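Data first, discussion second: the structure below is written as structure tokens.
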Amino acid sequence: MTNKKLQSSIPEGKIENKWDKHKFNLKLVNPSNRRKYDVMVVGSGLAGASAASSLAEMGYNVTCICYQDSSRRAHSIAAQGGINATKNYHNDGDSIYRLFYDTIKGGDYRSREANVYRLAQLSGDIIDQCVAQGVPFARDYGGTLANRSFGGAQLSRTFYARGQTGQQLLLGAYSALSRQVGLGKVKMLTRREFVDLVLVDGVARGVLCRNHLTGKIERHSAHAICLATGGYSPVFYLSTSAVGCNVTAAYRSYKRGAFFANPSFTQIHPTCIPLSGNDQSKLTLMSESLRNDARVWVPKQAGDKRDPVEIVEDERDYFLERKYPSFGNLVPRDVASRNAKMVCDEGRGVGENGLAVYMDFSDAINRLGRKAIEERYGNLFDMYQHITNENPYQTPMKISPAVHYTMGGLWVDYNLMSNIPGLFVLGEANFSDHGANRLGASALMQGLADGYFIAPYALGNYLATQEFSQVSTEDEAFTKANESADKFFERLMGIKGNKSAKYFHKKLGTLLWDKCGMSRNAEGLREALAKIPEIRKEFWSDLSLPGDIDEFNPELEHASRVADFLEFAEIMCHDALNREESCGGHFREEHQTEGAEAQRDDDNFSYVAAWQYQELGEKPILHKEELEFTEVVRTRRQYK
Amino acid sequence: MDIVLKIWRQKSATDKGAMQEYQLKDISSDMSFLEMLDVLNEKLIVEKHPDGPVAFDSDCREGICGTCGVMINGRAHGPLDKTTTCQLHMRSFKDKDTIYVEPFRAKSFSIIRDLTVDRSSFDKIIQRGGYVSVTTGGACDANSVLVSKEQADQAMDNAACIGCGACVASCKNASAMLFTAAKVSHLGLLPQGQPERFSRVDNMVKAMVDEGFGGCTNEGECEAVCPKGITLGSIARLNRDFLYGKIKPREL
């Protein structure tokens, strides 16, 4: 039964009319009244910058904060591959319905039909907007936009700007944001980190943030708050995320009552550069587009340590081509990653720790010539050589799976509002559109759809319909939250133990990767649930922090994020343990078919798991939002 | 490998600051430069060294966000061409090397702590014109304006700037000309950027002066260290547009 607390507010009517009808029904704020409303946007990535600039253009009074030294540096910038849109510029049969269908299927039927349909509807507008801003997308010789096929899609719907699409889209949003800052419509505060959400009578009315430069806790009141704080991949310590990405804003809002949805849904990307050494701080992704021309293989014989070029064709196992003849090397990310893990578990992995597989371009080089490959992937090959000191034109690349994106996030309704009135959550920080697995080139699309085209309407409706009490930052709610924030930082500084924040972060990450990573089982998850509190206890008794509380202190910033990861990891494990099925990136070893494929259980788990905070150490309360499928028939994802 | 580090330590903007020496042993040559600094910091924290860990900025660690950047042996981002500090690996150094690490220095980049500097003046330049004035929803179909592949490619070459500040740190005048020219070129090369082409360059150059950056004397130090390969050609384009903006007939 759908829980009463979880009103998804999906409009009635046919799927193709829902959004238009809903937009008409949303209340508007008179343009001359808009400046009376304060909106706080936390985060300046694709979702945050696009929302902040769009809301400011409409006339709202916007404040935006980010932890980086400039709003241009958010991690959306690192996305390489591209952004999907249903323009059908290439006459290959694309349509809104097809992108909707692919995304629902790709997410293994664990996302909302209405949300995903809206995303597909808005995809074309995003491209128009970005081009108008001067985003230099790749062009064909006639001057029209170029597209490529990406991430296993059977058609060319991906727009791209070399291997730097995320950077260009972010700089587009950053330029729109900068324009509003220049016009005095947005107050942009950098080097500020979200510390707490302030609720007044159960409604989100403010934010506390810490100024990294001074250590001061700053109070901001607002009529509505947008969290656009990205994903939490670094809970695993090593991931492809920026080292500063964190769960703090989402997790602390969860502690204030916002529900956390599907926290165990994480995406493992198959084509990352393998780990080397003990001191590596992050993993680097190689664009998935490489799989278009590469063949993935491992030696047939376990423990074969020969140089790859000495291993002849007969002795190689092109395992993706063997198992999935129709999709071959282009199977979706979750399938490719899991199969790589399987061959490594059989002892056939390669590289210094046996955790990698080969991605070989020799066939493509022989077929198309080195020049063609250089044109397509030159920058990626250079990057690979830079990092590994190996020449991929001569010897196959070694790749291994790594955490790349988190589909889980704060629960939101169709209006992107959490269960706390006034708290909106955009982009990767919400759980909404990708279900249990995200398709390539969909993250940029979602972040920008949320920020440019959904939040402005949804916030307007909220502001127009809500009655607001007078709130001042001197009110008790702010003072109390401020006191508890002060205590938190003082407590961290006061531990005076012997180990760095990094030590604990690494310890937690290794445990999670092992027990709640690419494949999970009940025993391992229970073990993790027993160990996490131990690491947390050790953290709170043996952390060593240098410096002072009231100065620029990057170690303190890191420690405060690690403190949240150490609590948040538990709800990930609870969620993974609760979901007795395999779907998308969530693979429970107990639930697989005879051919070791994921075994979904639609009868019992076709729901969004939204968790409500209880006291620390207690199991959070599970609320279920049943997913209804009226458009698509749920089938087993077949890539054979 | 074993190395000796000489690192600029400065507690705050008002502190005097000095070079300090640290020794590191058994550093893997596959480690990145920033990971080497992580190892040093871990050591300084665990040993409770009175200097404390070295403060430096970094985020994506894959050469795209532009957060990192230090002077390594006197060169911005270190010895390799077109490589950010985070993408530099220790294999670029030799066993027993002494490596000098300093912050990006410029009047407009005040030091926050150690190797961390304040580059918000770059944001202020962009806020004064580094955009196309289009509001959300006001766009026409993306394919209704054609852009030749060559134009798009050249615009992209300039749009690749990551705003790291290496150009300023390497310039004897601490000029932000390459940074500003990259944005002026990116937008000026595209049809979408034409309506504001000349006002943009004028406003951005004024902003550059207001932020305290020096003038450009075409030394080319910036081009030599730019991790994204932005060239002096962009500066020439800025100069042309700036000049033409001053002399072009008004009725245009």
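The numbers here are math on the coordinates, done by the rules we state, and not lab data. The structure presented is a predicted model; accordingly, all values stated were derived computationally and were not measured. Glycine also receives a Cβ, built like all others from the backbone with ideal geometry; neighbour counts cover every protein chain displayed.
Quick check on my link table: of A:Lys496/B:Lys25; A:Lys496/A:Lys531; B:Lys6/B:Lys183; B:Lys172/B:Lys246, which ones sit more than 29 Å apart, alpha carbon to alpha carbon?
Checking Cα-Cα distances, B:Lys6/B:Lys183 exceed 29 Å.
Skipping prolines and chain starts, which residues have an amide H placed within reach, meaning under 5 Å, of the one on A:Tyr607, given they are 5 or more residues away or on another chain?
A:Leu627
Simple spin-label model, 7 Å along Cα-to-Cβ: B:Ser133 to A:Glu346 in nm?
6.4
Provide a whole-number value for the mean count of partner chain Cβ atoms within 10 Å of the Cβ atoms in peptide A:540-552. Before the final figure, lay out each step's value.
On the way: counts 0, 0, 0, 1, 4, 3, 9, 6, 1, 0, 0, 5, 8.
Mean partner-chain Cβ count within 10 Å for A:540-552: 3.
Counting only Cα, what are the radius of gyration and maximum Cα-Cα distance Dmax of chain B, in Å?
Values for chain B (Cα only, Rg and Dmax): 20.5, 70 Å.
Stretched out fully, how many nm does the piece from A:Asn498 to A:Ile621 gain, at 0.36 nm a residue minus the Cα gap? Each step should come with its number before you reach the end.
On the way: separation 123, 0.36 × 123 = 44.28 nm, distance 3.58 nm.
Gain in length upon complete extension: 40.7 nm.
Setting aside same-chain residues fewer than 8 positions from B:Lys48, which aspartates and glutamates have a Cα under 14 Å from its Cα?
Here the aspartates and glutamates satisfying the reach criterion relative to B:Lys48 are A:Asp542, A:Asp548, A:Glu555.
Under the classification rounded if a/c is under 1.5, otherwise prolate if a/b is larger than b/c and oblate if not, where does the range A:1-155 fall, given a ≥ b ≥ c as square roots of the Cα gyration tensor eigenvalues? Please report the intermediate quantities before stating the final value.
Numbers: a/c = 1.66, a/b = 1.14, b/c = 1.46.
Here the range A:1-155 falls in the oblate category.
If I take the Cα coordinates of the range A:476-598 and project them onto the principal axes, what are the three extents in Å, biggest first?
58, 36, 23
At a Förster distance of 51 Å, what's the computed FRET efficiency of A:Gln592 paired with A:Leu189, Cβ-Cβ distance as r, to 0.05? Please report the intermediate quantities before stating the final value.
Numbers: r = 48 Å, r/R0 = 0.95.
Calculated transfer efficiency: 0.60.
Which shape class, rounded, prolate or oblate, goes with the protein assembly as shown when its Cα gyration tensor gives a ≥ b ≥ c as root eigenvalues, a/c under 1.5 marks rounded, and past that a/b bigger than b/c marks prolate? Intermediate results must be reported in sequence, preceding the final value.
Details: a/c = 1.13, a/b = 1.06, b/c = 1.06.
Rounded, since a/c falls under 1.5.
Quick one: grab the alpha carbon gyration tensor of the range A:269-402, order the square roots of its eigenvalues as a ≥ b ≥ c, and give me rounded if a/c is under 1.5, else prolate or oblate depending on whether a/b is larger than b/c. Could you put the intermediate results ahead of the total?
Values: a/c = 1.28, a/b = 1.06, b/c = 1.20.
Rounded, because the longest to shortest axis ratio a/c is under 1.5.
Could you identify which residue out of B:Ser170, B:Ser29, B:Ser108 has the top mean-square fluctuation in a GNM of chain B using Cα springs shorter than 10 Å?
Residue with maximal mean-square fluctuation among B:Ser170, B:Ser29, B:Ser108: B:Ser29.
So for the protein assembly as shown: antiparallel DSSP bridges make up what percent, rounded to the nearest 5?
Roughly 70 percent of the DSSP beta bridges within the protein assembly as shown come out antiparallel.
Could you tell me which trypsin sites (Lys or Arg not before Pro) in the range B:157-232 are loop residues by DSSP with no more than 15 other beta carbons within 10 angstrom of their beta carbon?
Working: sites: B:Lys172, B:Lys183, B:Arg197, B:Arg200, B:Lys206, B:Lys228; in loops: B:Lys172, B:Lys228.
Listed in order of number, the matching sites are B:Lys172.
Can you give the charge dipole size of the range A:269-402 about its Cα centre, rounded to the nearest 20 debye, using +1 on the beta carbon of Lys and Arg and -1 on the beta carbon of Asp and Glu? Spell out each step's value before the answer.
On the way: 18 positive and 21 negative charges, 65 e Å.
That gives a dipole near 320 debye.
Compare B:Cys216, B:Cys164, B:Cys86 in a GNM of chain B, Cα atoms joined below 10 Å, and give the one with the largest fluctuation.
B:Cys216
Please build a GNM for chain B, connecting alpha carbons under 10 Å apart, and tell me which residue among B:Leu44, B:Leu34, B:Leu238 fluctuates the most.
Most flexible of the set in this elastic network: B:Leu44.
Across chain B, where is the longest run that never hits GluC sites (Glu not before Pro) in a DSSP loop with at most 15 other C-beta atoms within 10 Å? Walk me through the intermediate numbers first.
Working: sites that count: B:Glu47, B:Glu219, B:Glu251.
Longest run free of exposed loop sites: B:48-218.
Once phi is turned into θ = phi - 60°, what whole-Hz ³J(HN,Hα) does the Karplus curve with 6.51, -1.76 and 1.60 give for every residue of the range A:427-442, x standing for Gly and Pro?
x, 4, 5, 8, 9, 4, 9, 9, x, 9, 7, 9, 7, x, 6, 9
Starting from the amide H of A:Lys187, placed 1.01 Å from N in the peptide plane, find each other amide H under 5 Å away whose residue is 5 or more places distant or on another chain.
A:Val62, A:Thr63, A:Cys64
Taking only C-alpha pairs under 8 Å that are 6+ residues apart, what is the relative contact order of chain A in percent? Write out the running numbers ahead of the final one.
On the way: 1380 pairs, mean separation 130.3, N = 640.
Relative contact order of chain A: 20 percent.
Checking the cross-link filter: which lysines have an alpha carbon closer than 28 Å to that of A:Lys105, excluding same-chain neighbours under 8 positions apart?
A:Lys4, A:Lys5, A:Lys14, A:Lys18, A:Lys21, A:Lys23, A:Lys87, A:Lys323, A:Lys341, A:Lys515, A:Lys624, A:Lys640
Could you work out the helix-only [θ] at 222 nm for chain B, with each DSSP H run of four or more residues adding -39,500 (n - 2.57) and the total divided by the number of residues, to the nearest 500 deg cm²/dmol?
On the way: 8 runs with 85 residues, N = 252.
So the helix-based figure for chain B works out to -10000 deg cm²/dmol.
Could you go through the range A:45-51 in sequence order and give the Karplus-derived ³J(HN,Hα) for each residue, using 6.51 cos²θ - 1.76 cosθ + 1.60 with θ = phi - 60°, rounded to whole Hz, and x for Gly and Pro?
Computed from phi, the couplings for the range A:45-51 are x, 4, 5, x, 5, 5, 5 Hz.
Going toward the positive end of the dipole of chain A, with +1 on Lys and Arg Cβ and -1 on Asp and Glu Cβ, which of A:Trp513, A:Tyr318, A:Val471 do you reach last?
Comparing the listed Cα positions along the dipole, A:Val471 ranks first.
Bin all alpha-carbon pair distances of the range B:3-113 at 5 Å intervals from 0 and give each bin's fraction as a whole percent.
2, 12, 22, 27, 21, 12, 4, 0
Is any residue of the range B:93-126 close enough, with backbone N under 19 Å, to a label point placed 7 angstrom from the Cα of A:Asp550 along the Cα-Cβ axis, and if so, which?
Output list for this probe position: B:113.
Go ahead and estimate [θ] at 222 nm for chain A from helices alone: -39,500 (n - 2.57) per DSSP H run with n ≥ 4, summed, over the residue count, rounded to 500. Provide the component values of the computation, followed by the final result.
Numbers: 17 runs with 225 residues, N = 640.
Value at 222 nm, helices only, nearest 500: -11000 deg cm²/dmol.
Averaged across A:121-134, how many Cβ atoms of other chains sit within 10 Å of each residue's Cβ atom? Show your work: numbers first, answer last.
Values: counts 0, 0, 0, 2, 5, 2, 4, 8, 7, 2, 13, 11, 10, 16.
Going residue by residue through A:121-134 and averaging, the value is 6.
Run the quick spin-label model on A:Asp92 and B:Leu80: label points 7 Å from Cα toward the beta carbon, then report their separation in nm to one decimal.
In this crude label model, A:Asp92 to B:Leu80 measures out at 3.4 nm.
Between the range A:608-624 and the range B:130-164, how many Å separate their Cα centres?
45
Highest mean first, what order results for A:193-205, A:265-277 on Cβ atoms within 10 Å?
Numbers: A:193-205: 21.1, A:265-277: 24.0.
Per-residue mean Cβ counts within 10 Å order the peptides as A:265-277, A:193-205.
For B:Arg91 and A:Glu490, what does the FRET efficiency come to when R0 = 56 Å and r is the distance between their Cβ atoms, rounded to the nearest 0.05? Spell out each step's value before the answer.
On the way: r = 43 Å, r/R0 = 0.77.
Once rounded, the FRET efficiency stands at 0.85.
How large is ³J(HN,Hα) for each residue in the range A:31-41, as worked out from phi by the Karplus curve 6.51 cos²θ - 1.76 cosθ + 1.60 (θ = phi - 60°), to whole Hz, x for Gly and Pro?
x, 6, 8, 4, 5, 7, 9, 9, 10, 9, 10
To the nearest whole number, what is the average tally of beta carbon atoms from other chains within 10 Å of the beta carbons of peptide A:164-173?
Details: counts 6, 0, 1, 8, 5, 0, 2, 10, 4, 1.
Average per residue, whole number: 4.
Rounded to whole Å, give me the distance from the Cα center of the range A:496-573 to that of the range A:12-35.
When both Cα centres are located, 43 Å separates them.
What residues have an amide H closer than 5 Å to that of A:Arg316, excluding those fewer than 5 places away on the same chain, when H is modeled at 1.01 Å from N in the peptide plane?
Sorted by chain and number, the residues that satisfy this are A:Lys300.
Based on the mean of other Cβ atoms within 10 Å per residue, sort peptides A:599-605, A:105-111 so the most packed one is first. Mind showing how you got there, number by number?
Numbers: A:599-605: 15.0, A:105-111: 24.4.
Those peptides, ordered most packed to least, come out A:105-111, A:599-605.
If you place +1 on the Cβ of every Lys and Arg, -1 on the Cβ of every Asp and Glu, and leave all else neutral, what size is the dipole of the protein assembly as shown about its Cα centre, to the nearest 20 Debye? Each step should come with its number before you reach the end.
Values: 108 positive and 113 negative charges, 370 e Å.
Magnitude of the dipole: close to 1780 debye.
Using the basic label-point model (7 angstrom from Cα toward the beta carbon), what is the A:Asn391 to B:Ala18 distance in nanometres?
The answer from the label model is 4.9 nm.
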